[in-house]
Amino acid sequence: MGRAHEVRAASMAATNARKSALYMKASSEIYLAAKSGTPDPRENLALRSAIEKWKAQDVTREVIERAIAKAKGGSADSYEAGRYEAFGPGGTAIVINTLTDNNKRAFANVRAAVTHHGGTISDRSGSAAFHFEDAGVIEFVGNDVDALTETLILNEVDVKEVKQVEDNVIRVLVSPKELAKAKDVLNQNGVEKIDVAETKMIPVDVVDLDGEEKQKLKNLLDALDEVEDVQSVFHNANTVSYTHLTLPTKLE
């Protein structure tokens, strides 16, 4: 069939693997959120946040509804959250959060992805997480940073930063416990659609990578993306297009 066909087939297989992993991650998180409370997103904030998060990642309505229906049906599936810390190319600190029904499988697959791409799994809790702090992150379309900052402060929200990160995108960083409150205040003051509202890990120091090391880290992160048990990955690599406040999760 020729080399071109082989390249296309490999590319399609990789795309399908990532999509399968994405849907599995979304299904697990939405199922767990629905199972932990009422399976109605109007009454369950955790479920509503999970649905909004995965919709923004182009997860289909069918996947979301199937996960909720599974929770409603009384499925006995049990998921457990896990965290692994690692160091990648150039000493990059990496934190990998998992949600799985099989911890042994999750660890084996995470370790394989990390070590195969030049990283090492840390055996000391906090060694990589030390390079991050938790923050509630909200992103939406907007331009008036000053007015929104004042609105949040006047409503007694613990604001860490309000920043224009793109021409028409504003990012708000708040204390994690203030995330729901900040979201409600913004909704009540003209921000109709919020694209991101979740707790993330913000790098407090960054590592500069370029050339070969940057590509190695990208390959490592792509491999972790394909691990179905992995829910989120945070690293502290900095490039020309990323600062420590742009919450890098993968390199372009």
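A few notes on this one:
- On the stretch given as the stretch 121-135, residues that are among the aliphatic types (A, V, I, L, M) and either open to solvent by 30 Å² or more (accessible area, probe 1.4 Å) or in contact with a helix residue (DSSP H, G or I) (Cβ under 9 Å, 6 or more places away or on another chain) (or both) total 2.
- Residue in the stretch 34-48 that is in a helix (DSSP H, G or I), open to solvent by less than 10 Å² (accessible area, probe 1.4 Å) and free of Cβ contacts under 8 Å to residues at least 24 places away in the same chain present: yes
- From the list A108, A93, A81, A112, the lone residue that is modelled with pLDDT of 90 or more and under 14 Å from V233 (Cα atoms) is A93.
- Near pairs, Cβ below 8 angstrom, 6+ apart or cross-chain, from the stretch 103-120 (surrounded by fewer than 18 Cβ atoms within 10 Å (Cβ to Cβ)) to any residue that is part of a helix (DSSP H, G or I): H116/A223; G118/P89; G118/K216; G118/L220; T120/V114
- Restricting the search to helices (runs of 4 or more DSSP H) fully inside the stretch 136-252 and requiring at least 3 residues that are open to solvent by less than 40 Å² (accessible area, probe 1.4 Å), modelled with pLDDT of 85 or more and within 30 Å of Y84 (Cα to Cα) gives 179-187, 211-225.
The values are calculated or read from the model by the stated rules, or taken from the named source; none is laboratory data. Remember, it's a predicted structure, so these values are computed and weren't measured experimentally. A quick note on method: Cβ atoms are made from the backbone with ideal geometry, for glycine too, and the neighbour counts reach across all protein chains shown. The accessibility values were calculated without ligands, DNA or RNA, using every heavy atom of the protein model including side chains. Shrake-Rupley method; radii C 1.70, N 1.55, O 1.52, S 1.80 Å.
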